[in-house]
Amino acid sequence: MVDLRLQVVAAVMGAALATAAAGSGQFEFQEATVDAIQLGFRSGSLTSTALVRFYLDQIARLNPLLRAVIEVNPDALAQAARADAERAASGGRCAAGLHGVPVLLKDNIATLDRLNTTAGSLALLGSVVRRDAGVAARLRRAGAVILGKANPSEWSNFRPVASGWSARGGQTLNPYVLSATPCGSSAGPGVAAAANMAAVTLGSETDGSILCPSSSNSVVGIKPTVGLTSRSGVIPITPRQDTIGPMCRTVSDAVHVLDAIVGYDELDAEATGAASKYIPRGGYTQFLRIDGLRGKRIGVPAVFFQGYDDLHTAAYQKHLNTMRRGSKILGSPTSSLPRQPTASAPRRELRSDGWTRFPPTGWRS
């Protein structure tokens, strides 16, 4: 384990030195946010091509150990060059949102390109999808660069495997504590975001698969309401719970991604039609301000935040106090929210619902 830690330290130090040499102090690649990236584009200190090269170098250095990325896009540099050309032709006007920003997708999100979509399984290697997933199509329309696919727990943990393991990608490791779980099933996106292998990443959740790896790898995950983001072209578990969301290093990055991927999709009409009416006019980035929670009421079910050690409890209380400055926190008595059995929910939902609406021969790709 000591040797593994030394490998990580050496790789990170090497990446930092490479960044300093390549950037010449003009742009700080490590931990770069979407806002900083767009500022670099507008100032001329950064190009999408340079950014993609940095992340490809990060993947080459770190992925042999962390195994967060299952496949890189052979067309990523071409997409970056196209984004640079579009930015130059527009006089910089398109330097906003995710335009020219590299994104990694969990390997259950279909892309109609030279990338595979396999849910980490060798069984789907070489299969060809009919079209981009709904969220992938929205990312392309926003001008994002599809950098590659991130390693999931195979079949999104539907079969009993270790979190972050797939036959194609191997075992994804937590970049902070190599012997700790990266959690899953969106292990690859969480680790890739934490280790600066991409600007932003996209995961999916049926039962904790965004929130758990985000927590375990110290990144920000947003699990959208079912139907807020399209599930078309995403290898399913159950339409009652499946959802696609961002996994990023900062809240603002996650919100930028959320704005790009939400909305109605005729290939997931029932769910997105019901949820899209609640998307705020002007998107979610308008709430990225210090008084963004002013006047809001936030429910906090206390039963889910009990039984932790002092360190975790103190961190929880600190963030709760931060939210209290601008909003009203509504606590709940422990007795009002009894715990319900949920462990078998994904399998029960799949048997009763998934195979009938999404048989293996009729996945909505």
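Straight-line cross-link reach from K223 at under 17 Å between alpha-carbon atoms covers these lysines, not counting any fewer than eight positions away in the same chain: K106.
Can you sort M197, M323 so the residue with the fewest Cβ neighbours within 10 Å comes first? Working shown, then result.
On the way: M197 32, M323 14.
Ranked by crowding around the Cβ, least crowded first: M323, M197.
Ordered by the number of other Cβ atoms lying within 10 Å of each residue's own Cβ, fewest first, R61, R114 fall into the sequence R114, R61.
In order along the stretch 300-306, phi translates into HN-Hα couplings of 10, x, 4, 4, 7, 10, 10 Hz, rounded to whole numbers, per the Karplus curve 6.51 cos²θ - 1.76 cosθ + 1.60 with θ = phi - 60° and x for Gly and Pro. Karplus-derived 3J(HN,Hα) values for the stretch 209-216, using 6.51 cos²θ - 1.76 cosθ + 1.60 with θ = phi - 60°, are 7, 9, 5, 5, x, 5, 5, 5 Hz; glycine and proline are entered as x. Among the trypsin sites (Lys or Arg not before Pro) within the stretch 195-271, those in coil by DSSP and having at most 16 neighbouring Cβ atoms inside 10 Å are R240. Going from the fewest other Cβ atoms within 10 Å to the most, the residues I70, I109 appear in the order I70, I109.
Other residues within the sphere of radius under 12 Å centred on the Cβ of Q171, judged by their own Cβ, net out at +1 (K and R +1, D and E -1).
Counting Lys and Arg as +1 and Asp and Glu as -1 over every other residue whose Cβ lies under 12 Å from the Cβ of L288, the net charge comes to -3.
Look at where the Cα atoms of the stretch 69-99 and of the stretch 144-208 average out, and the two centres are 25 Å apart.
Counting charges near T250 (Lys, Arg +1; Asp, Glu -1) among other residues having Cβ under 11 Å from its Cβ returns a value of -2.
The rule of thumb for compact globular proteins, 2.2 N^0.38 Å, goes into the C-alpha radius of gyration of the stretch 2-288 0.93 times. Each 5 Å bin from zero holds the following percent of Cα-Cα pairs in the stretch 188-308: 2, 11, 18, 20, 21, 17, 8, 2, 0.
Just so you know, all these numbers are worked out from the coordinates, no wet-lab data involved. Since the model is a prediction, treat every value here as computed from it, not as a measurement. Virtual Cβ from ideal backbone geometry, glycine too; neighbours counted across all protein chains shown.
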